[in-house]
2 protein chains.
Amino acid sequence: MDDGLISAPAVLGARAMARCDLLGVAPYSEAADQLTRRFLTPAHRAALDRLTDWMAAAGMSVRLDAAANLIGRYEGTAPDAPALLIGSHIDSVRNGGRYDGALGVTLGIDCVDALATAGRRMPFAIEVIAFGDEEGSRFPASMTCSRAVAGTANPAVLDMKDAEGVTLADAFAAFGMPSVDLGQAARKPGEVLAFLEPHIEQGPRLEAEDRAIGVVTAIAAQKRLLVRLTGTAGHAGTTPMHLRRDPGPAAAEAILAIERICAAGTDGLVGTVGRMSALPGSFNVIPGAVEFSMDIRAETSANRDAAVAAISAEIEAIAARRSLGVSIELMQDLPESPCDPALTLLLEDAVRATGVEPRRLPSGAGHDAMVITDIAPTAMLFIRCRGGVSHNPAEAVRADDCITALNAILAFIANLERDYRS
Amino acid sequence: MDDGLISAPAVLGARAMARCDLLGVAPYSEAADQLTRRFLTPAHRAALDRLTDWMAAAGMSVRLDAAANLIGRYEGTAPDAPALLIGSHIDSVRNGGRYDGALGVTLGIDCVDALATAGRRMPFAIEVIAFGDEEGSRFPASMTCSRAVAGTANPAVLDMKDAEGVTLADAFAAFGMPSVDLGQAARKPGEVLAFLEPHIEQGPRLEAEDRAIGVVTAIAAQKRLLVRLTGTAGHAGTTPMHLRRDPGPAAAEAILAIERICAAGTDGLVGTVGRMSALPGSFNVIPGAVEFSMDIRAETSANRDAAVAAISAEIEAIAARRSLGVSIELMQDLPESPCDPALTLLLEDAVRATGVEPRRLPSGAGHDAMVITDIAPTAMLFIRCRGGVSHNPAEAVRADDCITALNAILAFIANLERDYRS
């Protein structure tokens, strides 16, 4: 047993990627022609069965916790040692990509496989975790399962319903888990040493800089808002242009203002209008109202809020100039969630050890790591994805990047072991 | 019997308005709290029963034609004389107004009532017609019933289905009219002398000029188009602004171009974006495509087409500048439909006789008159409506305007009689 770099057999890392490909089709997907693996579906069950086999083969003892998170534990040198958690979510969006979430789980398994093959045990345990629901693509809340682990899940979520009217409680029962108490999934203080989440970047920055992997500094601050501009509905054929109070062109001005303000911003500022609709929505009716969504993110809440304020002021000015009503409703407010500075330094050193100059970058997307922050220090490793495309069947990663990521994770574990002993 | 002005008892005209109010509630509406009277519904049947009573009381013989148009005939001085048709449609849009269509029918009944009360018969018959389906709010085609009268109905429309999957043929059967042959509703050459359609303006021009009534010159040319801009869907949090191919801001530029080009136009040019949607339509996804509708109208097809060409060129330039795909699909093309010049002159004289300086104006909306043009000269009388609001429960007319309209119709009949004899 030595304290130096742990080397992985060449097949590992690439195998993590191949396993995501295997999980990308039926029965691990609800649909034959696309990847849709939503929480507590038969596809989810099939994926957990497969992951259980892989975890066991890598030397882990496997259990399903009270929130349907699959956890494989590789003991440390002493029993009941606190655990380094490695993993991500195993659910997908509808018609999603194969690596979003799943790659973090399969890399975790390969990491343990490398340790077991090398006969190495750490003074801490390693647990590979596959969170059940990060995306919120079945029920109207996301990160339910990591919240359960953090002890922050609201028991009322068991009453929420999917599109077919099935409650989360009934879905658990149909999954073979009647009378679920999410609180039982909460980890006790001291059980979790740290959490490392490997995840595809879902953005184009690493690719643009030709880097295999990167280190996440923080998960961006996000606000979701719903804008409604109201005018007067009217007959499209009979109302002269100068007598209209049409909220459509006002919404158009607002959308261009969002683009302009965010493009001029710094600090990772992005703004997206993902939904827009005109009401009543007929070819031959001037809309009485137009609604559109705004998703505004930046590395810091302060920068994000400054952009929201500037955009809101422009929208209100546009509405006033056009004699329209306006409401801007805040739907969600997530402050920035920094990764643990000390743990992130260990990860940076580990990335450097693989020969990649560590690039620090924020995560524009939310991740389970921001939830686990409540109970343990967290770090996130990003893996380059082609074209920055995610939530899409075109999502793609490179096998050599996955090998680099695995080596970085192993180096991170070695760094953590060094610090843990000292 | 004299050839001079026919005077109406004071209650008439105002009664036409009051009768629309009566028909605006159950059982003449499908809903208790709004006016929805779609083709071949029990509400339609109830309205026809009531109109039958009113027509008979005014001295007309009443029949339902093969397309469920209700026709009351007031004979002329000779039997089997050709008929002046007066009327409009009795169906409504969902949650519509009480006067759109119905007022043309009830004014026709009051007109005959005035003639009968005065003991006057013309050398031509007068038929009051309540077309069954102008709006197309139940089945996916409009003006089915006036087309049947004009002999231009496509028999295939009997196979079209409503939202519940009921075919038009089945709906006729449920209405008590099995084995409908729309061709039987077609009028023979020479049967129809002319068609006068009184209708609310559905726009704000008469009100803006403080006029009770106006004379329609033509029904505007209209094109309906569907625009689709395509870019690349992406994660709202992870894609920097400068790396996006977002069709949303491009659609915004297009909507502003439509407004600018149409506002600068003349000749009744109007352009409306009534529908818009972003796909896939999630808060946190950059749209991969945006679709919006364009309804472009002008008094002449040439002017309309010039505007469509200018707008399309701008949209294509916007798409090219932003590296987006674009398609512009023509969904409907209706050329302008002029009213009969000689008949319109008679109507202008009649309007002048009521003390209103006749204002000629185009109709931005389509009407049954544009269909009946195929078999007879047509004229249209517009009645001022409050705020130009139509297709809306707030639709409103003034009783004194309805009286003025009735007097204009009576004067028009006198003018037509004078011309007919000479």
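Each value in this text was obtained by applying a stated rule to the coordinates, not by laboratory testing. Nothing here was measured: the structure is a model prediction, and the numbers come from that model. For neighbour counting, all protein chains shown are included, and Cβ atoms are generated from backbone atoms with ideal geometry for every residue, glycine included.
Nearest 10 degrees is fine. How inclined is helix B:42-57 to the longest principal axis of chain B, computing both from alpha carbons?
30
Arrange A:Thr117, B:Thr77 by Cβ neighbour counts within 10 Å, fewest through most, would you?
Fewest to most other Cβ atoms nearby, the residues stand as B:Thr77, A:Thr117.
Listing B:Glu191, A:Glu127, A:Glu316 from the residue with the fewest other Cβ atoms within 10 Å to the one with the most, what is the order?
Result, fewest neighbours first: A:Glu316, B:Glu191, A:Glu127.
According to a simple spin-label model (label point 7 Å from Cα along Cα-to-Cβ), what is the distance in nm between B:Ala306 and B:Ala208?
2.0
For B:Gln34 and B:Leu345, FRET efficiency with R0 = 30 Å and r from the beta-carbon atoms, rounded to 0.05?
That gives a FRET efficiency of 0.15.
For B:Lys188, B:Lys161, B:Lys223, what's the fewest-to-most ordering of other Cβ within 10 Å of each Cβ?
Lowest to highest Cβ neighbour count: B:Lys188, B:Lys161, B:Lys223.
Along Cα-to-Cβ, 7 Å out, sits the label point; list in nm, shortest first, how far the one on B:Ala313 is from those in the other copies.
Ordered by distance, the counterparts are at 3.9 nm.
At R0 = 30 Å, how high is the FRET efficiency between A:Ser323 and B:Ala394 if r is their beta carbon distance? Nearest 0.05 is fine.
Computed FRET efficiency for A:Ser323 and B:Ala394 comes out at 0.95.
Of the candidates A:Arg304, A:Arg275, A:Arg37, which one comes out as most mobile in a Gaussian network treatment of chain A with C-alpha springs shorter than 10 Å?
Evaluated over chain A, the most mobile residue of the options is A:Arg275.
Can you give the calculated 222 nm mean residue ellipticity of the protein assembly as shown, where each DSSP H run of n ≥ 4 adds -39,500 (n - 2.57) and the sum is split over every residue, rounded to the nearest 500 deg cm²/dmol?
Result for the protein assembly as shown: -10000 deg cm²/dmol, rounded to the nearest 500.
Of all DSSP beta bridges in chain A, what percent run antiparallel (nearest 5)?
Just about 70 percent of them are antiparallel.
Using a label position 7 Å from Cα in the Cα→Cβ direction, what is the ascending list of nm distances from B:Glu191 to the same site in the other copies?
For B:Glu191, the inter-copy label distances come out at 8.5 nm.
Give the lysines whose C-alpha is closer than 28 Å to that of A:Lys223, dropping any in the same chain fewer than 8 places away, or say none.
Result set, ordered by chain and number: A:Lys161.
Nearest 5 percent is fine: what portion of the DSSP beta bridges confined to the protein assembly as shown is antiparallel?
Given both bridge residues lie in the protein assembly as shown, the antiparallel proportion sits at roughly 70 percent.
Nearest the rotation axis from A to B, which residue of chain A has its beta carbon, and at what whole-angstrom distance?
Whole-Å result, nearest residue of chain A to the axis: A:Ala252, 2.
May I ask you to compute the full-extension gain from A:Arg418 to A:Gln332, defined as 0.36 nm times their residue separation minus their alpha-carbon distance, rounded to one decimal in nm?
26.9 nm
Taking Cα pairs under 8 Å and at least six residues apart, what relative contact order does segment A:96-247 come out at, in percent?
18
Could you give, in nm with one decimal, how far A:Pro79 is from each other copy of that position, shortest first, with labels 7 Å out from Cα toward Cβ?
11.3
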